[in-house]
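The numbers here are math on the coordinates, done by the rules we state, and not lab data. Values in this document were obtained by computation on a predicted structure and should not be read as measured data. For neighbour counting, all protein chains shown are included, and Cβ atoms are generated from backbone atoms with ideal geometry for every residue, glycine included.
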Amino acid sequence: MSGPDRNNPYSFDPFLERREKFDYYRDSDALPALLRHYAGADAAAVEPRVEDVSRQASTRWRDLARINSLPENRPWMMHYDGHGHRIDRIVRPEESHMLEREIFGLGLFSEKTNRWERLAKLLIIHQNGEHSVTCALACTEGLVALCDAFVETATDPVKQVWRHCKEGVDGNFGTASQFLTEIQGGSDVPANRVEAEPDGDAFRLYGTKFFCSACHTDYALVTAKVTGQETVTTFIVPSWLTAEDRAAERRNGYRINRIKRKLGTIELPTAEIEYDGAVAWPIGPIGKGLANVVGYVLTTSRIAVSISNVAAMLRATREAALYGDFREVFG
């Protein structure tokens, strides 16, 4: 028991110090042993690269993620520039751009990245809960998986997107999102009404997608129905058609009407998007979009969601245990 004290000396600093010094990989009870077991003969080469990522994730990236999650830093729309041009700029803090560049720069979906190395790095990165990056990671992996399956029959623009997202171009790695949901039905993809009108080797999209997360990415995988057909097809829609368009903020035939106000994942911009002639390239057979989405895209997304949930539980239980060690009651 203790008596009254006007200058209460209580401090959380000992707990915070232990938390800030915790390395997600090195100080984990299970992750190093699991990586060594499953990576097998590759573990000696893989582990140092995983340790490098963990050092970043446990310190600098953690701090950037913390800044991005502040309410005052939530993304917002600048629909017009100072001269009245429609630009639909998604304004995000510089910390968000930095985190995205550095994590995508790892080349997680490259052929050069060992699969167990990728899994370990993703589990570490997800522990920071920064969804503007991790949602885009999941969507990019789905796009790469779909392109892997159909690259032999893909058009040159699709192959360029595939290379950009998978192996990078001059050190820059493409980012992707998935826009399936329309106002009349979220998971009811066959009910989609966005229309894809043939235009030479490409298509033009018309209509509205209602819940578009990671709308800040370079590409979107979009479901739509080709004119006159009743089943959906999968398309890749670039945010900008050329580097010049990107610099001038001229989007590829679509408008971002608003960013939604959400209770959680506020660092992740989620929008309503209206297509008005956006150039789109088909990926996979025409009319087989639902099979493509379920077989490739949603499969990888569900795995990513599982990784995210495991990572969240790891961090939550770890911080609860650290705080439990620090906290004293009824002493």
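Taking the Cα centre of the chain as the origin, how large is its charge dipole in debye, to the nearest 20, when only Lys and Arg (+1) and Asp and Glu (-1) carry charge on their Cβ atoms? Write down the numbers at each step before the final one.
Values: 40 positive and 46 negative charges, 100 e Å.
Here the chain has a charge dipole of around 480 debye.
Order of TYR25, TYR80 from fewest to most other C-beta atoms within 10 Å? Numbers along the way, then the final one.
Values: TYR25 22, TYR80 12.
Ranked by crowding around the Cβ, least crowded first: TYR80, TYR25.
Percent relative contact order of the range 175-294, based on C-alpha pairs within less than 8 angstrom and at least six residues apart? Kindly include the intermediate steps, with their values, before the conclusion.
Values: 291 pairs, mean separation 35.9, N = 120.
For the range 175-294, the relative contact order is 30 percent.
Grab the DSSP H runs of the chain that are 4 residues or longer, score each as -39,500 (n - 2.57), total them, divide by all residues and round the 222 nm result to the nearest 500 deg cm²/dmol. Walk me through the intermediate numbers first.
Details: 11 runs with 134 residues, N = 331.
Rounded to the nearest 500, the figure is -12500 deg cm²/dmol.
Gaussian network model of the chain, Cα springs within a sub-10 Å range: biggest mean-square fluctuation belongs to which of HIS164, HIS126, HIS37?
The residue that fluctuates most here is HIS37.
Identify all lysines with a Cα-Cα distance to LYS262 below 30 Å; exclude those on the same chain that are fewer than 8 residues away in sequence.
LYS121, LYS209, LYS225
Can you put LEU119, LEU34 in order, fewest other beta carbons within 10 Å first?
Working: LEU119 18, LEU34 14.
Final ranking by Cβ density, sparse to dense: LEU34, LEU119.
Apply the Kirkwood formula to the range 175-294: the hydrodynamic radius equals the inverse of the mean of 1/r over all pairs of different alpha-carbon atoms; give it in Å with one decimal.
14.4 Å
With contacts defined as alpha carbon pairs under 8 Å and 6 or more residues apart, what's the relative contact order of the range 1-143 in percent?
On the way: 109 pairs, mean separation 34.6, N = 143.
Worked out over the range 1-143, it gives 24 percent.
Compute the distance in nm between two label points, each set 7 Å from the Cα along the Cα-to-Cβ direction, one at ARG55 and one at SER187.
Roughly 4.4 nm, to one decimal.
Fewest to most neighbouring Cβ within 10 Å: what's the order for ASP188, ASP63? Intermediate values should be presented prior to the final figure.
Details: ASP188 11, ASP63 14.
Listed from fewest to most nearby Cβ atoms, that is ASP188, ASP63.
For the range 231-314, list log₁₀ I(q)/I(0) at each q in 0.14, 0.19, 0.26 Å⁻¹, using the Debye formula over Cα point scatterers of equal strength and ignoring solvent, two decimals each.
Values, matching the q order: -0.76, -1.12, -1.13.
Could you identify which residue out of GLN178, GLN229, GLN127 has the top mean-square fluctuation in a GNM of the chain using Cα springs shorter than 10 Å?
In the Gaussian network model the winner is GLN229.
Using only the alpha-carbon atoms, how far is helix 131-150 inclined from the longest principal axis of the chain? Give it as 0 to 90 degrees, nearest 10.
Computed tilt is about 50 degrees.
Given H placed on each backbone N at 1.01 Å, which residues far from GLY168 in sequence or on other chains put an amide H within less than 5 Å of it?
GLY174
Please state the relative contact order of the chain as a whole percent: Cα pairs under 8 Å, 6+ residues apart? Mind showing how you got there, number by number?
Details: 564 pairs, mean separation 60.4, N = 331.
RCO, the chain: 18 percent.
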